[in-house]
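In what follows, a structure is listed as structure tokens, so that the remarks can point back to it.
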Amino acid sequence: MESPVKVLFLTSCVRGGGPGWSLFYLLKYLDRSAVDPTVVLPAAGVLAGRLESIQVRYRICPQLPERLYTLRFARAGRVRYLLSALWNFVDGCRAFVALVRFIRAEKFHLIYCNNMLVKAIGAFAGQVTGTPVILHCRNIHDSFLRRTLLVQIARLPAVRRVVCISQAAEGPYRFSGKTTVVPNGVDLSEYHPERVTGRLRAELGLGEEDIIVGYLGRIVPWKGLDVLIDAARIVLQQRRGVQFCIVGENPVGATRDLGAEYRQRAVGHGISDHVHFLGFREDVRPYLRDFNLLALPSKEPEPFGRVNIEAMAMGVPVIATAHGGPAEIIEDGVDSFLVPPKDPEALARKILWLISDLEACRAFGARARKKVCERFDAAKVAGRIEGVIGEATERRR
Ligand code: UDP
């Protein structure tokens, strides 16, 4: 029997997030007799703790940058962007040297680049060490420069396969002939409505009769939380007793406190007693369990939107915007709903329609779970990635 493929997984995620959790569940379900994983990440944190729980080795490389423009200086005016980019670039070079040494010492068969800037560092490390590389593309790149750079990186001979989380994310890489679209997966036993006890209603002192419209995710401008707060005002003019619960916070290192701005927006609309900002939660399931529906009002296309499949797995129907990943996940009006982006009236109308019949709302939730079981089961997704690893290392299973 062949020995397992030694794979180095590179990621810049520390606290989870879409790419971090998707990697975690991939590692949880990979067949360890086929793949022997080691993860390199920049710091210990939520993700490292979870890796320990599934006995996956990891190594910390503090120089591994997430983005070139991640801010490193609190002050220094506009020049801080340039200084940060320089600092991150130098760190990236140091991470590259450390990785090359590590790859040579451990004799990895494959480098698997999970996200962001690690794709560039890992691809060049593969090129220098003669190690095959898989890029996992989890973004839609709006900047021409970044897109061009990443497409050139995908062209490197060391890069054998490019896994894209959706057709929307595949766009610029399609030409390479190396792409495979594999959606993110959700753990159907962990995300199971009958195995999770709700915590949100108890935390907020709400009863079963209160209707909860949830938002889950980072608070960043393009996710459209402002659209949801504007929609909330319209909903509450017609129906009191609806609560809007926001789980998530500003991203780590954010320079703008958008959460505070949105709180102020709710105050300005006179609805702050119906809009609850809960902050970051490590385990989101007890919150999803208490949502009647999830709103994901992204103004720009989501590359995938992991929160869609997490909510749907918990039997919670989603109202998302009709572009990017959600448009590939959701069958509108069957298992969840799509509305036009940047349109609070359309979102409010859909929320009001859905909560007007809670029995029907639950039926949509049941269909949503069924859809996720069929298409986004983490165990099946891991099987598909194993196949791609086999192709990239020329070990066909
Ligand atoms: N998430 C979390 N705690 C929070 C808010 C979000 O763990 O307080 C997780 C959420 O469950 C999901 C991920 O962060 O797994 C967000 O992934 P998605 O693809 O929706 O968005 P991204 O942040 O990658 O754009």
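Here are the numbers for this structure:
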item	result
1.4 Å probe accessible area per residue over the chain, in Å²	43
Highest-fluctuation residue, VAL128, VAL227, VAL213 considered, GNM on the chain with Cα pairs under 10 Å	VAL128
Karplus (6.51, -1.76, 1.60) ³J(HN,Hα), θ = phi - 60°, over segment 359-364, in Hz, Gly and Pro reported as x	5, 5, 4, 5, 5, 4
Length added when fully stretched, VAL128-GLU194, from 0.36 nm per residue minus Cα-Cα	18.8 nm
Low-density loop cleavage sites - GluC sites (Glu not before Pro) in segment 277-330, where at most 13 other Cβ are within 10 Å (DSSP)	GLU282
Euclidean distance of C-alpha centroids, segment 29-52 and segment 273-339, integer Å	27
Cα-based reach from LYS371 at 30 Å (exclusive), listing lysines while leaving out same-chain residues under 8 positions away	LYS28, LYS178, LYS223, LYS299, LYS342, LYS350, LYS380
Lys, Arg +1 and Asp, Glu -1 on Cβ, resulting dipole of the chain about Cα centre, debye, nearest 20	1440
Cα shape, segment 68-130, gyration tensor, a/c 1.5 rule	prolate
Selected from GLY305, GLY185, GLY45 as most flexible by GNM, with the chain as the system and alpha-carbon contacts under 10 Å	GLY45
Cα pair distances exceeding 16 angstrom across segment 284-342, given as percent	33
For the chain, calculated [θ]222 nm from helices alone, where every DSSP H run of n ≥ 4 adds -39500 (n - 2.57)	-13000 deg cm²/dmol
Gyration tensor (Cα) of segment 1-88, equivalent ellipsoid semi-axes in angstrom	32, 13, 10
Neighbour net charge for ALA158 - beta-carbon separation under 14 angstrom, K R +1, D E -1	+4
Alpha-carbon Rg/Rh ratio, for segment 253-397, with Rh computed the Kirkwood way	1.04
Computed accessible area, TRP87, all protein chains, 1.4 angstrom probe, square angstrom	120
Among ALA202, ILE54, CYS245 - extreme Cα towards positive end, dipole of the chain, charges at beta-carbon	ILE54
Whole-number D in µm² s⁻¹ for the chain, Kirkwood Cα-pair radius fed into Stokes-Einstein, 37 °C, 0.692 mPa s	150
Label-point separation, GLN237 to ARG146 (7 Å along Cα→Cβ), nm	3.7
Residue list for segment 25-60, given a label point 7 angstrom along the Cα-to-Cβ vector of ARG101 and an amide N cut-off under 14 Å	60
Shape of segment 338-397, Cα gyration tensor, a/c cut at 1.5	oblate
Within segment 77-235: Cβ-based charge dipole about Cα centre, in debye rounded to nearest 20 (Lys, Arg +1; Asp, Glu -1)	1160
Gaussian network model of the chain, Cα within-10 Å springs - most flexible of LEU149, LEU354, LEU68	LEU149
log10 of Debye I(q)/I(0), alpha-carbon scatterers only, for segment 211-255 at 0.24 Å⁻¹	-0.86
Rounded to the nearest 20 debye, dipole of segment 147-262 from Cβ charges on Lys, Arg, Asp, Glu	800
Interchain or long-range residues, amide H under 5 Å from LEU293's placed H	ILE212, GLY214
Under Karplus coefficients 6.51, -1.76 and 1.60, residue-wise ³J(HN,Hα) of segment 377-384 in Hz, glycine/proline x	6, 4, 5, 6, 4, 4, x, 5
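The values are calculated or read from the model by the stated rules, or taken from the named source; none is laboratory data. This structure is a prediction, so every number in the text was calculated from the model and none was measured. A quick note on method: Cβ atoms are made from the backbone with ideal geometry, for glycine too, and the neighbour counts reach across all protein chains shown. When the accessible area is computed, the model is the full protein with side chains, heavy atoms only, and any ligands, DNA or RNA have been set aside. Shrake-Rupley method; radii C 1.70, N 1.55, O 1.52, S 1.80 Å.
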